[in-house]
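Participant: Below: one structure in structure tokens.
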Amino acid sequence: MGNIPVQCFWQWQKEMNKVYKKEIALGIRPFVYALLGTLVGVAVGAAGGLFGAGIDFFSGFGMRHFELYVWFLPAVGVLTAFMLRKWGDPNTGMRAVFEASRGERDRFELRSAVFQYAGAWTAHLFCASVGREGAGIQIGAAIGCNIGRRIPIKNADKILLVAGMAAGFSALFGTPAAALFFALEVTVVGGLHLRALIASAFASYASYFVSRLCLPAHFSAEFVLAAPLSLSLACRLFAFGALCGLAGFVFCLLRKYLAAFFLASVRNDYVRAFFAAVLLACLLFLSGGRYSGLGTNLIGSAVSGGEVYWYDWIVKMLFTAAFLSVGFLGGEVTTLFAAGACLGAAAGELLGIPAQAAACLGYAAVFGAATNTVIAPVVLGCELFGGASLPYMAVVCVAAYLFNFGKSVYNQKIREDIAAKIIHRLYKKHPLELPRRLY
């Protein structure tokens, strides 16, 4: 009987030791993820800087020989299809990145990064109208996921995959804060992937500083809108944001239905890529190369008051959607920047907004609408165009977010809140009493 208090004491001591160890682990974990995020950021910054430098070199070289190189696009399309079929994962791309971040697939293979280098560099060398963000994010995600797989911490691969996405975006666009919010926001619609916050923040900034060794200059412009934010101006900004939201919505539909059209028209990957690329090469040649590449020429014209046609934004969207739908690698974001800037330059003055200011606002808002994000484009606009743009940028980007009707170019997971769950249950009980979506 005399040993019972002693036994209780030792049992209590063991339980307290477990509690202390758990508390210490929880306290140390953020610092561990900060170190891991920095490691991922350095690795992705080097890889992303090299990738971005290659894009700039090959895109510039191809455009200097545009009239010859554009005719090699059919061969590039066939070789890309062969590469992905021979060595790739059939479920590769941004869909696979999001599935891996949610734990719906075991990993995101490192070889996906190699495909992005080869496919995106050749696409830009031969003047395809594609971006670079999708490839950069997949490179970062592959590096982050494969570093995380070797870390003996639960869910480290998923958290570092998100950190790698942020690092890839930051390396290419030089906007570390926007990259952080983009990676956290885009993986779960309606919420932030807060588990990955610390790792993503350190990865994004580390990648930014490392990538500057390869990409010393990033795009930026001065936002000039002298008028104070009055009620009249806020209404006009909201109307312009709604227009940007509809543009993002249109791009999402173009990606979806052009991919379905090409797939239904020609089942064979090689034949589809070849004949679609022939058609697109002819159209690019007739345009004189205006819609080739990233669209930086259009962005420069829009934000500097150069010549912009009212149809530039939709034509750029059509070319990008078509190239990506038939299998070319690259991305959408930079071309969305171009489309948004052109839309702003063309439509801004109709709403009483200076063309150059509207181009800066559209640059961020169309990107947010097409990716179904709202915080990231506001932060992006402030990083690129200065803090003075914040109140105007917020109005436009919120309106764009409302008028994209929940569409996204990515395979995002919708986070149901309480209201959505209530609506879902009501719809199951009374399916005829609630309107159906028309798109």
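Read the figures in this text as sums done on the coordinates, not as results from a lab. Only a predicted model underlies this, so the values are computations on that prediction, with no experimental measurement involved. Cβ placement follows ideal geometry from the backbone for every residue including glycine, while neighbour counts extend to all protein chains displayed.
Participant: What is the distance, in nm, between label points placed 7 Å from the Cα along the Cα-to-Cβ direction at ALA75 and at LEU253?
Facilitator: Placing both labels 7 Å beyond Cα along the Cβ direction yields 3.9 nm.
Participant: Residue by residue through the stretch 96-111, what is 3J(HN,Hα) from phi via Karplus (6.51 cos²θ - 1.76 cosθ + 1.60, θ = phi - 60°)? Round to whole Hz and write x for glycine and proline.
Facilitator: So the Karplus estimates, Gly and Pro as x, are 5, 4, 5, 5, 5, 5, 8, x, 7, 9, 5, 7, 10, 5, 5, 5 Hz.
Participant: For the stretch 371-383, just list the computed ³J(HN,Hα) in residue order, Karplus coefficients 6.51, -1.76 and 1.60, θ = phi - 60°, integers in Hz, with x standing in for Gly and Pro.
Facilitator: 9, 6, 10, 10, 6, 4, x, 5, 5, 4, x, 5, 5
Participant: Still on this structure, I have one more. Along the Cα→Cβ direction, 7 angstrom out, place labels at TRP87 and PHE57. What is the inter-label distance in nm?
Facilitator: Computed distance between label sites TRP87 and PHE57 equals 1.9 nm.
Participant: Sticking with this one: Grab the beta carbon distance between ALA118 and ARG95, set R0 = 25 Å, and tell me the FRET efficiency rounded to 0.05.
Facilitator: Details: r = 20 Å, r/R0 = 0.79.
So, using R0 = 25 Å, E works out to roughly 0.80.
Participant: Ok, one more. Starting from the Cα of PHE261, move 7 Å in the Cα-to-Cβ direction to define the label point; list residues of the stretch 395-409 whose amide nitrogen is under 20 Å from there.
Facilitator: 408-409
Participant: Return, ordered by residue number, the residues of the stretch 222-254 whose backbone nitrogen is under 16 Å from a label point located 7 Å along Cα→Cβ of ALA388.
Facilitator: 222-230
Participant: What FRET efficiency comes out for PHE31 versus TYR270 if R0 is 41 angstrom and r is the Cβ-Cβ distance? Round to the nearest 0.05.
Facilitator: On the way: r = 51 Å, r/R0 = 1.24.
About 0.20, to the nearest 0.05.
Participant: Could you tell me which GluC sites (Glu not before Pro) in the stretch 28-107 are loop residues by DSSP with no more than 14 other beta carbons within 10 angstrom of their beta carbon?
Facilitator: Details: sites: GLU67, GLU99, GLU104; in loops: GLU104.
Those that pass, being in a loop and sparsely packed, are GLU104.
Participant: Which whole-Hz ³J(HN,Hα) couplings does the stretch 115-130 yield from phi under the Karplus relation 6.51 cos²θ - 1.76 cosθ + 1.60, θ = phi - 60°, glycine and proline marked x?
Facilitator: 4, 5, 4, 5, x, 6, 4, 5, 4, 6, 4, 9, 6, 5, 8, 9
Participant: For a label point 7 Å from the Cα of HIS218 along Cα→C-beta, name the residues of the stretch 333-364 whose backbone N is under 15 Å from it.
Facilitator: Residues 334, 364 qualify, since their backbone N sits under 15 Å from the label point.
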